[in-house]
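All remarks here apply to the structure that follows.
Where a number appears in this text, it was derived from the coordinates with a stated rule and is not lab data. Predicted model only: the values in this text are computed from it and were never measured. Cβ placement follows ideal geometry from the backbone for every residue including glycine, while neighbour counts extend to all protein chains displayed.
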Amino acid sequence: MKSNTLYTEPKASGAFFHRHPRQRRPGQPTRHNASSGWYMRLACAVLATLATGAQARAAEVAEEFVVERRSPQGTTWQGTALPDAEPRWLQGESFFATLEDGTAVELVQFSGDVIEAIERRRHTGYEAVRVVGPADLVGMQWTETRCSGGQCTKLWFRIADAVLDRSTNAIHVGSSNSKLGLYRVEYTASSTMGSQRWIPVCDPADGNTTMGLFVTGRWDNDGTWHPSGYTFSCARGVVSRCVRMWGYQPWQSVDVPGRGSVSLKPLHVACTRAARAEYCDNGVSYTRDSTSIDLFDVYGLNLPETSQGFTMESGWDENGAIFVLHPRHSDLVADCRDRIGSACHWVAPSAGRQTATIYVRSAPPDSESRQRR
């Protein structure tokens, strides 16, 4: 039986992203479009064939496993209800905090229900690595400051509660989220005891939970992922969705028949790009809330479902889109329209990115299936 994993993109949240012209980053592979129409048609055909083959391979390893996922989600990485800021709140290169018992720590690694912390004592120079669990972080507090236009805003944060996740994900091997810590993070703009009004970072509106999760790594506004640092994501953020719903837990590796051990870290990063429809590799999401997609991978961990009216849309790796056959919404791709459809988003073979790891099926723009959704 095929997996029935259907993703509905989220409703709007308080997080944000910047629209800006695409600039090639140092060391970033150079992309190009073929100059002749026949070459591009051949390239499109090859990419579509690869994607179809990946879909078939994924279906071959299907087991008796059915998952239904339809819920309002956001098009942002974190999905928080925090005020706009640059850089975004609750992510950064380092994470210094104070535990409830007064111990100063730097949190350096989040691996589900295992958190690695470095305890430091300034006056003595003492330093030691501690391994703690989600419950050990309850009561922890820290501050963050963001400045823009000469004006700085400081917020105080705390972890008010922590639990282990009781949900399951769509991966047909190891689908339990039971070793995943969830946290209720709250913030206040006041440092005065007694006058503090603590507000959940995750908005409970529309039936969403106030709990979120931490992962190691952070995202720039242009979509670039960095392995150091940390990011907190609410349930509606794609960082959380790719972990809890699709099961790409970046600290894990899984055994895949014929492939050996496969790290889920690059799949998680690719999933965040695919879910947000980052067609132009500039960190901008080219989709709308409540748009349904079918996301699966080349390893058969998530399997394609058979939603009527869906066709192959795009293929992705952790660096961005490998190809886009059609957008989810034709009016939201003005920034790189020449790289979509007949002018396939083609990566030079020398760049070493010839095979996508994540694929998306969706209803073509203006189709009857899209109009019904």
**OP:** With label points built 7 Å along Cα→Cβ from the Cα atoms of Ser178 and Glu106, find their separation and express it in nm.
**Re:** 3.6 nm
Original post:
Tell me, in nm to one decimal, what length is gained between Val138 and Leu164 on full extension, where the rule is 0.36 nm per residue of separation less the Cα-Cα distance?
Top reply: 8.1 nm
Original post:
What order do you get for Lys179, Lys154, Lys265 when you list them from fewest to most C-beta neighbours inside 10 Å?
Top reply: Lys154, Lys179, Lys265
Subject >> J(HN,Hα) series, region 77-89, from Karplus relation 6.51 cos²θ - 1.76 cosθ + 1.60, nearest Hz, glycine and proline x >> reply: 5, 9, x, 8, 9, 7, x, 4, 6, 9, x, 5, 5
Original post:
Which order do Val262, Val238 fall in if you start with the one that has the fewest other Cβ atoms within 10 Å?
Top reply: Val262, Val238
**OP:** Taking amide H positions as placed in the peptide plane 1.01 Å from N, state which residues far from Ile293 in sequence (5 or more) or on other chains have amide H under 5 Å from it.
**Re:** Tyr7, Thr8, Glu9
**OP:** Sticking with the crude label model, points 7 Å out along Cα→Cβ, report the distance from Trp156 to Ile199 in nm, one decimal please.
**Re:** 1.6 nm
Original post:
By what distance, in whole Å, do the Cα atoms of region 146-263 stretch along each of the three principal axes, largest value first?
Top reply: 58, 31, 24
Original post:
Put a dot 7 Å past each Cα toward the Cβ at Thr224 and Tyr126; how far apart are the dots in nm?
Top reply: 4.0 nm
Original post:
Tell me, Arg184, Arg120 in order of fewest to most beta-carbon neighbours within 10 Å?
Top reply: Arg120, Arg184
